[in-house]
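Peer 1: Structure incoming, see below.
Every read-out reported here was derived from the displayed coordinates using simple, explicitly stated rules and does not represent laboratory data. None of the values given here were measured: they were computed from a predicted structure. Cβ: placed from backbone, ideal geometry, glycine included. Neighbour counts: every protein chain shown.
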Amino acid sequence: MDQLERRAGYLAGTGLAAAAFLACRGNRPLLLEGAPGVGKTAFAGAMATVLGRPLERVQCYPGLDASQVLYDWNFSAQMLALRAAGEGDHTDRLPELWDDKYLVARPILRALRGEPAVLLIDEIDRAEEDFEALLLQVLDKFEITIPELGTIRADVAPFVILTSNRTREPHDAVKRRCFYHWIDHPEPELEARILRCHVDGLPPDLATAVSEAMAELRRLELVKQPSLAEAIDYARAMHQLGATAQTPKMVDAAISTLVKHHDDEEPVRRVLVGEQRSR
């Protein structure tokens, strides 16, 4: 926890820090779930900083396939090599076209073949189930098999972090191979510390007021509850506007950083202004 805060500016709860420590020590992937904006992706970047490793990121989406995340072949270079060989039968040269020099490494292969890395599989719930099957060999043995070259195994296992917003349930085969932690919205006291960590010069009283307002907003039935990332944006906007408290004028000026749906605007404004009146 201290290393994450001191070196990466990430304030992690005890449960998250312990899960990461055990996963890293045990060479096991870590699956992080939670609402969007609670810091799952940022945690991978923080771990890369603490471990002194490069971050390789796979952003998941429907239709993602092996050529985009594992490896691909440089077909243009292969065709140029064939043309340079001239006319005739070059069947005996075909194996040369599948040499390593024509291999294009994508994030997962780079994480396995290069220096020790942190490999982030971000928003795995957005990918299709077939993509999860591609990951099993990586998650299980930190290796991939390339038919033309054989099996490539990491000399030093990357620290693999998978994130999910839980729009669908990851397959049991993936979950079985991972340690797991749910990242919830932080308690107001911790959120106030996070706000002050990310917004230089934010007055302590304002950080506390914002964090307490966020806790109240997350108890409402809003179309889009404010995430930690949006709370940081809101606190930064208030500070940049010169606010020392959540006055109606300042709330109206900064509310665009917090509200992402028109139907939420009035209930959010009432909570924010009401927080100031109660003080």
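Peer 1: Please give the helix 129-141 orientation as an angle from the longest Cα principal axis of the chain, in degrees from 0 to 90, rounded to the nearest 10.
Peer 2: Compared with the principal axis, the helix lies near 80 degrees.
Peer 1: 7 Å from Cα along Cα→Cβ at both I146 and Q3: what's the point-to-point distance in nm?
Peer 2: Those two pseudo-labels are separated by 3.1 nm.
Peer 1: Quick check: Cα centre of region 118-158 to Cα centre of region 46-83, how many Å?
Peer 2: Region 118-158 and region 46-83 have Cα centres separated by 11 Å.
Peer 1: While we're looking at this one, here's another question. Compute the label zone of E265 within region 239-255: residues whose backbone N is under 13 Å from the point 7 Å along Cα-to-Cβ.
Peer 2: Counting only backbone N, you get 252-255.
Peer 1: When the dipole is taken about the Cα centre of the chain, and only Lys, Arg (+1) and Asp, Glu (-1) are charged at their Cβ, what size is it in debye, to the nearest 20?
Peer 2: Once rounded to the nearest 20, the dipole reads 820 debye.
Peer 1: Something else: Of the options I144, S164, P54, report the single residue whose Cα projects farthest towards the positive end of the charge dipole of the chain (beta-carbon charges: Lys, Arg +1; Asp, Glu -1).
Peer 2: Of the listed residues, the answer is P54.
Peer 1: Assign unit charges at the C-beta atoms only (+1 for Lys and Arg, -1 for Asp and Glu), then state the dipole size of region 188-272 relative to its Cα centre in Debye, rounded to the nearest 20.
Peer 2: 120 debye
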